[in-house]
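Following: one structure in structure tokens, then a few remarks.
The values are calculated or read from the model by the stated rules, or taken from the named source; none is laboratory data. Every value quoted in this text rests on a predicted model; they were computed, and no experiment measured them. Cβ atoms come from the backbone with ideal geometry, glycine included; neighbour counts cover every protein chain shown. Heavy atoms of the whole protein, side chains included, go into the accessibility calculation; ligands, DNA and RNA do not. Shrake-Rupley method; radii C 1.70, N 1.55, O 1.52, S 1.80 Å.
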Amino acid sequence: MNMKRAIFGILCLLSIPIFAQENFKVYYEETDNGYKIYADNGEFCPVSVEIDFKIENLTSSIGDIKIIEVPEQITKFYIADLTVIDRKKALRLGFSIRYNHGNHLQKSYDKNYAYHLPFKKGTEHMITQGYLGKISHHDEYALDFRMPIGTPIYAARDGKVILVQESNAKTCADVGCEKFNNYILVYHSDGTFAEYTHIKKNGSKVQPGEIVKKGQHIGFSGNVGWSTGPHLHFVVFLQRFNDRETLATKFLTGNGKMAEQLEEGKTYRKSY
Ligand SMILES: [Zn+2]
């Protein structure tokens, strides 16, 4: 049955393109009494979407603004029904969305997980900048491991590769070069992410969608992006819409029997 409806207003899609936009979309299909809203998520982890409906003569089954977690690798994920109130009147159907990786409503995660040092067994590296460091980690629980360009990087935890950026080559010591950062982004089973940053150009050995195991060689360090010298910037975080909630984590050090937080200025050896 095709009901003739006068629709005024436009469907407005305002989205924040954090990742390839073709990998995530929200859309509608007409039904007998209104519309159904669906999402497709081609990313390799859940995506949270905030929908702000702009509707007239329609009621939404989920209210006005809602944050919804859309599972990874799914098509036609049901979000809401929009039902026509008065069939004789014109209606307006519009919404704006913003979205990003992860579950933005998530609060808890595995606080006791002991990460592996992200470099080769039998080697050691110094933390040149620690959590909340004064150079560039002011409000960030991130670690800088000093290492020469081309040092093999090993996964600190099991996970799934979500994004890889390895095409940049430019470096400067200014925040303006942050957009040139090369990185490997990995999603963990407890909903946290790890970013391995400043890898050298074409320095990734993994691709989005790939499962990685802790201790797996995933790439080569570099000095690309916002950087003052060759190092690996490593950060674990929960993704929020506008920002990241970075997390302090523990690492296995020495022979791997003890887990501790790493401190600026200290050198840590991996003998496991
Ligand atoms: Zn850093």
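Apply the Karplus parameterisation 6.51 cos²θ - 1.76 cosθ + 1.60, with θ equal to phi minus 60°, to every residue of the range 258-267 and state each ³J(HN,Hα) to the nearest whole Hz, in sequence, with x for glycine and proline.
For the range 258-267, the Karplus-derived couplings read 10, 10, 8, 7, 8, 10, 4, x, 9, 10 Hz, x marking Gly and Pro.
Which parts of the range 197-233 would a label at ALA248 reach, counting a residue when its backbone N lies under 11 Å from a point 7 Å out along Cα-to-Cβ?
Flagged as within label range: none.
How would you order 55-65, 136-146, 35-45 from highest to lowest mean count of nearby Cβ atoms within 10 Å?
My ranking of the peptides, most packed first, is 35-45, 136-146, 55-65.
What does a probe at ASN112 reach in the range 231-253, counting residues whose amide N is under 20 Å from the point 7 Å along Cα→Cβ?
247-253
Please list, ordered by chain and number, the residues whose modelled amide H lies under 5 Å from the amide H of GLY34; skip anything fewer than 5 residues away on the same chain.
Here VAL84 satisfy the definition.
Determine ³J(HN,Hα), in whole Hz, for all residues of the range 129-142 in sequence, where each value follows from phi through the Karplus function 6.51 cos²θ - 1.76 cosθ + 1.60 and θ = phi - 60°; x replaces Gly and Pro.
8, x, 4, 6, x, 6, 6, 8, 9, 2, 10, 10, 8, 10
Taking amide H positions as placed 1.01 Å from N in the peptide plane, with prolines and chain starts having none, which residues 5 or more places from PHE241, or on another chain, fall under 5 Å of its amide H?
Hits under the 5 Å cutoff: none.
Between LYS179 and TYR28, what FRET efficiency comes out of the Förster formula 1/(1 + (r/R0)^6) with R0 = 41 Å and r the beta carbon distance, rounded to 0.05?
Here the calculated transfer efficiency is 0.75.
Could you please state how large a percent of the accessible area of the range 114-269 is carbon and sulfur, counting protein chains only and using a 1.4 Å probe? Write out the running numbers ahead of the final one.
Working: 3330 of 6920 Å².
Percent of accessible area from carbon and sulfur atoms in the range 114-269: 48.
Take every DSSP beta bridge with both residues inside the chain and express the antiparallel ones as a percent of the total, to the nearest 5.
Among the beta bridges of the chain, antiparallel pairing accounts for roughly 90 percent.
Given a 1.4 Å probe, how much area per residue of the range 198-245 is accessible, in Å²?
Heavy-atom SASA per residue in the range 198-245 reads 43 Å².
Using 7 Å Cα-to-Cβ label points, what is the THR228/ASN255 separation (nm, one decimal)?
A separation of 3.7 nm, rounded to one decimal place.
So, R0 is 41 Å and r is the distance between the beta-carbons of ASN202 and ASP52; what FRET efficiency does that work out to, to 0.05?
Efficiency, from the Cβ-Cβ distance: 0.55.
Mind checking which lysines have their Cα closer than 30 Å to the Cα of LYS134? Skip sequence neighbours fewer than 8 apart in that chain.
LYS107, LYS111, LYS120, LYS121, LYS170, LYS179, LYS200, LYS201, LYS214, LYS250, LYS266, LYS270
Which residues' amide hydrogens lie under 5 Å from the amide hydrogen of HIS231, considering only partners 5 or more residues apart or on another chain, with H built in the peptide plane?
MET147, GLY222
For LYS76, which aspartates and glutamates qualify as cross-link partners when the Cα separation must be under 15 Å and same-chain residues fewer than eight apart are set aside?
LYS76 reaches GLU22, GLU29, GLU30, ASP40, GLU43.
In whole Hz, with x marking every Gly and Pro, tabulate ³J(HN,Hα) for the range 196-208 from phi via Karplus 6.51 cos²θ - 1.76 cosθ + 1.60, θ = phi - 60°.
Working through the residues one at a time gives 9, 10, 6, 4, 6, 4, 6, x, 9, 9, 10, 10, x Hz.
Three principal axis extents, largest first, for the C-alpha atoms of the range 176-259, in Å?
39, 31, 28
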